[in-house]
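Quick note: the coordinates plus some simple rules give every number you see, no bench work behind them. As the structure is a computational prediction, the values presented were derived from the model and not from experiment. Here the Cβ positions follow ideal geometry from the backbone for every residue, glycine too, while neighbour counts run over all protein chains shown.
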Amino acid sequence: MDSKVMSSPGEIARVYKELSLYPSLSRADVGPVITSQYGGKYSNIYTEWSQRDLERNENVKFCRQYIVFHDDKSVVYSGASGNCTEIKGEVLSKDSPSGDMKAVVRESSVKGEDKQFLEVWSKNIKMKSINLSALKKHGKVYDDAQFGCLVWSHSETHLLYVAEKKRPKAESFFQTESPELSGVGDEEDTIRTGKKDTVKGEQFVFHEDWGEALGDKSCPVLCILDIEGDFVSVLDGLPDDISPGQAFWAPGDTGVVFIGWWHEPFRLGLKYCPNRRSALFYMDLTGGKCEQLSSGKTSVCSPRLSPDQCRIAYLECSVYGPHMQCSKLCMYDWYTKKTSVVVDVIKRPGKDGFTGIYSSQLSPQCWSADSQRIIFACPQRSRKDLLMVDINTGSINSLTAKSDIGSWCLLNIERDLMVVSCSSPNCPPSLWVGFLPGIDSQENVDWVTLEDSEKLQDVDWQILTFTPPSEDDNSQYSNLEFDALLIKPKEVKDEVKLPLIVTPHGGPHSVIVAEWLLSSAVLCRMGFAVLLVNYRGSIGYGEDSIYSLLGNVGTQDVKDVQFAVESVLKSGSIDEQKVAVSGGSHGGFLACHLIGQYPGFYKACVARNPVINMASMIGSTDIPDWCMVEAGFVFNTDCLPDAAEWEKMLNISPIKYVSQVKTPVLLTIGEDDKRVPNKQGIEYYKALKARQIPVRLLWYPGNNHSLSKVDAESDGFMNMVLWMIQHFSD
Ligand SMILES: CSCC[C@H](NC=O)C(=O)N[C@@H](CO)C(=O)O
């Protein structure tokens, strides 16, 4: 018997609207310990959340604070203090270590012009409001996770942040000047005009940027505000060929430590690509010397200073190769200047079940109070767990493996008080706190809820594990398993068969963990089953799995997805005539491959910014190395692909199978995508149209690769389901 899927656009939009109300957590800060007049100790927890506002077409950011009474080992009482407040205009903010002050970088419009201010608050007074735009020391302050930071010195007298380097104003050769401004002895006027900071002839010079979602980031500089002296300085003395970011104050405030990414011979996209050559640096502010602390042959990120200020922990992986890899956890000893590897790459998970580190960002604080352990959240197969590493032994313990929650995120840890958010496909994000047990303790964490969320009783999920059939085993990387997440409506009558939406993730070295996913929850409410496949090559399964896919994209990943789908169909609960496929980026590459390699199997296909032709994309994407590496070759900045390499890139691309496609295709394209340029979608659109295959292309101006602006995301979702429903009844 056919299931009844919700099909009225009004009703679908109502469900989407209802479920999009659940906010997600983006940040938590733990305040200092305060002793009340009755002797009780408490700390304030500041949290930031984000939520889609469909009416305003914005992702709104709001904060809520909580109070946690504790005895340094366990939570005695906790509760929210006050209601939520929307945050507007704040670019960055940070409380001082003592909690006495707060720094804010704010964007505000003055007489119709956008300006940036750096504010320092103390108690209920805004002590300083420095107009950074008027100072003209640098360009816009960076607020991204890649480079950006706002850090108080330990002494609370200085603030450190990253901004775009000041660029002289460029003007036309024919700009007329008032005589009092023009220079004297104007022989050199073609280069520099008499007006300070204005240059002629540079108006149309191309400036490289850091690629997808970092299009306004080109030359970052480190900036310091001397709070007392009201003085902003831009640090010089850094190597010319690196771009700095992720900075913090060195022990004793003697200088700053930061990551520098090499930008020569040219910049390569950084988003989702922690495999860029980079190193840890120390800029000594007492002697003005810049020292490189890591080898410079690898890629490093997320440096974190221990509470005793003796060590810096950071993540490291190799340069180029797969864009997401299994990382090492490394340690730099500030005093001995020695580097050690605390957790190495895991090629194959062992008996303890630990699959390796697959995070490219540690939480703002990640150390235990005794400076002996590091805590981080990390995908482990199809779940995200909280892991604790003992830095002396390298032993790893999962703090959450036994829980039935799908996914945990460490927002912060301070004096062993952990603030986490967790969710599952049927449970929106909730907020919890818990104390880390002592180093020798066998106790489990006693988690306390600060903000609960209600489970969707009508949605069910499970993780399925697959062993590829022997003919599809990878001889170089044999016996690898993979998983898929199956999310379904809960109460389905025995005789009812569900329509299925198959969704392989992008990357391909990425993973879908069992967390709250708005679109899957809405689809389930509508009456669909959703299959999210973590094919071989996904992260979270050991490094061998990642490497097994290099050179095999378009075959191994395609076969894994098809195998998972056919296995699920064998259960008999799915309507074989109502199977659709959707995916974004490399997931779109797979969706288009599947409809080409299994003609007619899928009744509808929806692809967001899909990779269609790797050979035509290599010259225009921000990450050309991706095309070479995924095709099984080595990338070199000064080498063009040879004819055989170009041929292979074409042969393994979905465009190669376009003549076999029978499935109607909906393409959703971001006009400003730097990763998979929109011409890829157009190339497929034309090829399908020429073959009279139903195709529709939705074009989203002002959107990049993720199509994540509120209207693009919601419109894309509505069009996706309506496209599927329409073609299920063809
Ligand atoms: C040159 S495009 C490569 C595909 C892309 N990989 C990395 O950025 C991709 O699939 N992206 C995923 C996220 O990893 C996406 O969903 O956009």
TODO: Kindly identify the range 422-548 as rounded, prolate or oblate by the Cα gyration tensor criterion: order the square roots of the eigenvalues as a ≥ b ≥ c, call it rounded if a/c is under 1.5, otherwise compare a/b with b/c, prolate if a/b is larger, else oblate.
DONE: oblate
Task: Nonlocal amide H pairs with residue 53, under 5 Å, H built at 1.01 Å - done: 58, 59, 60
Task: In sequence order, calculated HN-Hα J values of the range 332-340 (Karplus, 6.51, -1.76, 1.60; Hz; x Gly/Pro) - done: 10, 8, 4, 8, 8, 6, 9, 10, 9
- [ ] Note down the relative contact order for the range 192-323 as a percent, whole number, built from C-alpha pairs under 8 angstrom at least six residues apart.
- [x] 18 percent
Task: Three-way shape call for the range 634-674 based on the alpha-carbon gyration tensor, with the a/c threshold at 1.5 - done: oblate
- [ ] Would you mind computing, in nm to one decimal, how far apart the modelled labels at residue 729 and residue 620 are, each placed 7 Å from Cα along Cα→Cβ?
- [x] 3.7 nm
Open item on the list: Under 5 Å between amide hydrogens, which residues at least 5 positions from residue 26 or on another chain qualify, with H placed 1.01 Å from N in the peptide plane?
Closed with: 48, 49, 50
TODO: Mind giving me the FRET efficiency for residue 34 and residue 392? R0 is 25 Å, r the Cβ-Cβ distance, nearest 0.05 is fine.
DONE: 0.15
Open item on the list: To make sure I understand the rule: partners must be lysines, Cα under 20 Å from the Cα of residue 662, and not fewer than 8 residues away in the same chain. Which ones qualify?
Closed with: 559, 578, 603, 686, 689
- [ ] Could you go through the range 84-97 in sequence order and give the Karplus-derived ³J(HN,Hα) for each residue, using 6.51 cos²θ - 1.76 cosθ + 1.60 with θ = phi - 60°, rounded to whole Hz, and x for Gly and Pro?
- [x] 7, 10, 6, 9, 10, x, 7, 8, 8, 8, 7, 6, 6, x
- [ ] Rounded to whole Hz and in sequence order, give me ³J(HN,Hα) for the range 264-275 from the Karplus expression 6.51 cos²θ - 1.76 cosθ + 1.60, θ = phi - 60°, writing x for Gly and Pro.
- [x] 10, x, 7, 6, 10, x, 9, 4, 6, 10, x, 9
Open item on the list: Suppose R0 equals 56 Å. What FRET efficiency, 1/(1 + (r/R0)^6) with r the Cβ-Cβ distance, do residue 402 and residue 143 give to the nearest 0.05?
Closed with: 0.90
Open item on the list: Given bins 10 angstrom wide, list per bin the percent of all Cα-Cα distances in the chain, short to long.
Closed with: 3, 13, 23, 26, 20, 11, 4, 1, 0, 0
- [ ] Compute the label zone of residue 348 within the range 534-560: residues whose backbone N is under 15 Å from the point 7 Å along Cα-to-Cβ.
- [x] 541-548
TODO: Hydropathy first: keep DSSP H helices in the chain averaging at least -0.5 on Kyte-Doolittle, then drop any whose Cα extent along the axis falls short of 20 Å, and list what survives.
DONE: 556-570, 710-728
- [ ] When a/c is below 1.5 the answer is rounded, else prolate if a/b is larger than b/c, else oblate, so apply that to the range 590-702 with a ≥ b ≥ c taken from the square roots of the Cα gyration tensor eigenvalues.
- [x] oblate
Open item on the list: I need 253, 560 ordered by Cβ neighbour count within 10 Å, fewest first.
Closed with: 253, 560
Task: Order of 367, 699 - criterion: other Cβ atoms within 10 Å of each residue's Cβ, fewest first - done: 699, 367
Task: Size-normalised alpha-carbon gyration radius of the range 38-173, reference 2.2 N^0.38 Å - done: 1.30
- [ ] Scan around residue 662 for amide H atoms under 5 Å from its own, H built in the peptide plane at 1.01 Å from N, and keep only partners 5 or more places away or cross-chain.
- [x] 600
- [ ] For a footprinting-style exposure proxy, rank 339, 668 by other Cβ within 10 Å, fewest first.
- [x] 339, 668
TODO: In whole angstrom, note down how far apart the Cα centers of the range 446-511 and the range 325-394 are.
DONE: 26 Å
- [ ] Only bridges with both residues in the chain count here: give the DSSP antiparallel percent, nearest 5.
- [x] 85 percent
TODO: Between residue 65 and residue 155, take the C-beta separation as r, use R0 = 22 Å, and let me know the FRET efficiency to the nearest 0.05.
DONE: 0.25
Open item on the list: Please compute the modelled spin-label separation between residue 134 and residue 439, points set 7 Å along Cα→Cβ, answer in nm with one decimal.
Closed with: 5.2 nm
Task: Percent of Cα pairs exceeding the 17 Å cut-off, where the set is the range 504-567 - done: 45 percent
